[in-house]
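Take a look at the structure below.
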Amino acid sequence: MSGEQPERTTSRTGSGPPALLDLTIDNITPNTIRINSQSDNARLTYLMARLVTHLHDFARETRLSTAEWTAAINFLIGCGQISSDVRNEFILLSDVLGLSLLVDNINHPKPPGGTEGSVLGPFHTHDAPVLPNGSSMTSDPAGEPMLAVCTVKDTHGRAIPGVTVDIWETDSSGHYDVQHADRDAPSERCVMVSDEQGRFWFRGLKPVSYPIPHDGPVGKLLQLLNRHCWRPAHVHFMFGKDGWDRLITALYLRGDPYETSDAVFGVKKSLVIDLDKVDKETAKEYGVEEGIWLLKHDFVLTTQEETEKLRDQLATEALQKLGLNLKLVDHLPVPDLD
């Protein structure tokens with residue numbers, strides 16, 4: 001049933017919307033789709049039709065009980081109640097269900113050689129300070145210091161200057177700054193810009209494993225599923241420049257106990273790295289202490305055009321496999337009624 005296309009009715013006819021009488025288990029779905037199909041926005045109409053189809057099929061397939069429906073509603077209410085400007089329980093829910101990574105993979109496919117994406121997570125903020133290359137982004141004296149030396153290049157190996165790089169990680173206790181009640185300024189986060197050689201470098205902390213927030217509805221769900229709430233040690237990066245596909249990614253430390261069981265499904269093999277130690281020459285070049293941890297990585301961005309072309313190609317192939325009569329409008333599928 002989920003692969004069938006809904007019957008489309010003429011929107012806003014003189015006869016008005018369809019009469020919704022004598023609805024049953026079998027006819028509630030097409031009638032809901034009909035009443036939702038009066039919009040002039042073809043993409044919205046399609047999204048709502050597929051959402052209703054899958055939701056109703058789920059209820060029929062599982063014979064969803066009233067008690068379970070009530071529990072689900074209360075769960076979503078709880079997610080809203082615990083969310084704030086610095087905590088988004090719905091993003092966390094999307095993460096632990098694997099939806100965040102799926103949506104990123106669909107919308108930001110990478111050609112061979114392009115740096116793969118990862119999850120944004122619920123702790124990115126928009127108040128990180130813009131710092132010059134070589135600055136420290138941490139105020140935590142307890143962590144193990146780390147120098148990160150990175151480059152940003154295109155798929156042909158050419159440097160990309162002027163890329164805005166958003167960087168954030170936890171402190172040594174495994175907490176993001178926004179998780180501290182006494183936070184008065186951003187810490188363990190910054191924004192930098194790649195130089196003419198595509199380079200950026202900063203001082204931070206060797207990342208540590210940490211649990212995602214588990215004191216709310218999502219944490220209780222993980223307990224019911226007998227899942228742990230831990231993420232492997234990592235540093236977040238987000239790259240942006242006009243004409244280039246935005247890259248949200250992270251680098252994960254090899255050998256972390258949660259490397260293969262990340263609670264939010266963010267780890268990919270290409271993003272797992274080893275740390276080195278700063279030698280004497282590097283210490284002198286970057287003005288840091290010899291022997292501290294060293295992260296070195298080359299990031300590869302793809303152009304907006306490259307990504308959109310690949311995204312359209314993959315979307316067309318996927319829709320054909322599903323046997324759906326759809327066309328792409330602004331790179332998004334809508335019913336092909338021509």
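In the set (1) surrounded by 11 or more Cβ atoms within 10 Å (Cβ to Cβ); (2) at pLDDT 90 or above; (3) aliphatic (A, V, I, L, M), Leu20 fails one condition alone, (2). Restricting the search to segment 66-106, which residues are closer than 19 Å to Arg246 by Cα and surrounded by fewer than 16 Cβ atoms within 10 Å (Cβ to Cβ)? Hits for segment 66-106 are Leu99, Leu102, Val103, Asn105, Ile106. Of the residues making up segment 237-267, those that are in contact with a strand residue (DSSP E or B) (Cβ under 9 Å, 6 or more places away or on another chain) and under 18 Å from Ser94 (Cα atoms) are Ile248, Thr249, Ala250, Ser261, Asp262, Ala263, Val264, Gly266, Val267. Can you tell me which residue within segment 167-185, out of those that are surrounded by fewer than 19 Cβ atoms within 10 Å (Cβ to Cβ) and modelled with pLDDT of 95 or more, is farthest from Thr282 (Cα to Cα)? Ranking the candidates gives His175 first. Of all residues in segment 303-316, none satisfies being in contact with an Asp or Glu (Cβ under 6 Å, 6 or more places away or on another chain), surrounded by 15 or more Cβ atoms within 10 Å (Cβ to Cβ), hydrophobic (A, V, I, L, M, F, W, C) and over 30 Å from Gly134 (Cα atoms).
Answer yes or no: is there a residue in segment 268-286 that is closer than 23 Å to Val149 by Cα, within 27 Å of the chain's Cα centre (by Cα) and among the polar types (S, T, N, Q). So far as segment 268-286 goes, yes, one or more of its residues are closer than 23 Å to Val149 by Cα, within 27 Å of the chain's Cα centre (by Cα) and among the polar types (S, T, N, Q). Where helices (runs of 4 or more DSSP H) sit wholly within segment 48-158, those with at least 3 residues that are more than 24 Å from the chain's Cα centre (by Cα) and without any contact (Cβ under 8 Å) to a residue 24 or more places away in the chain occupy 66-82. Within segment 275-304, the set of residues being of a type in the set (Asp, Glu) and out of contact with any strand residue (DSSP E or B) (no Cβ under 6 Å at 6 or more places or on another chain) comprises Asp279, Glu281, Glu285, Glu289, Glu290.
Would you confirm, using the coordinates I've provided, whether Pro129 is touching a helix residue (DSSP H, G or I) at 6+ places or on another chain (Cβ under 8 Å) and assigned by TED's automatic domain parsing to the domain that holds Pro211? It is false that Pro129 is touching a helix residue (DSSP H, G or I) at 6+ places or on another chain (Cβ under 8 Å) and assigned by TED's automatic domain parsing to the domain that holds Pro211.
What tally of residues in segment 237-261 results from selecting those that are among the acidic types (Asp, Glu) and farther than 18 Å from Lys206 by Cα?
2
Each residue in segment 122-159 was checked for being under 18 Å from Val272 (Cα atoms) and in contact with a Leu (Cβ under 8 Å, 6 or more places away or on another chain), and 6 of them qualify. Apart from one condition, Ser261 fits all of (1) modelled with pLDDT of 95 or more; (2) more than 26 Å from Thr115 (Cα to Cα); (3) part of a loop (DSSP other than H, G, I, E, B); the exception is (2). Conditions first: (1) crowded, with 19+ Cβ neighbours inside 10 Å; (2) assigned to a loop (DSSP other than H, G, I, E, B). Met192 passes all but one, so which condition is the exception? For Met192, the failing item is (2).
The set of residues in segment 163-182 that are touching a residue at least 24 places away in the same chain (Cβ under 8 Å), of a type outside the set (Phe, Trp, Tyr) and in a loop (DSSP other than H, G, I, E, B) comprises Val163, Glu169, Thr170, Asp171, Ser172, Ser173, Gly174, His175.
The values are calculated or read from the model by the stated rules, or taken from the named source; none is laboratory data. The model shown is predicted, which means the values in this text are computed figures rather than measured ones. Reconstructed Cβ throughout: ideal geometry from the backbone, glycine too, with neighbour counts over all protein chains shown.
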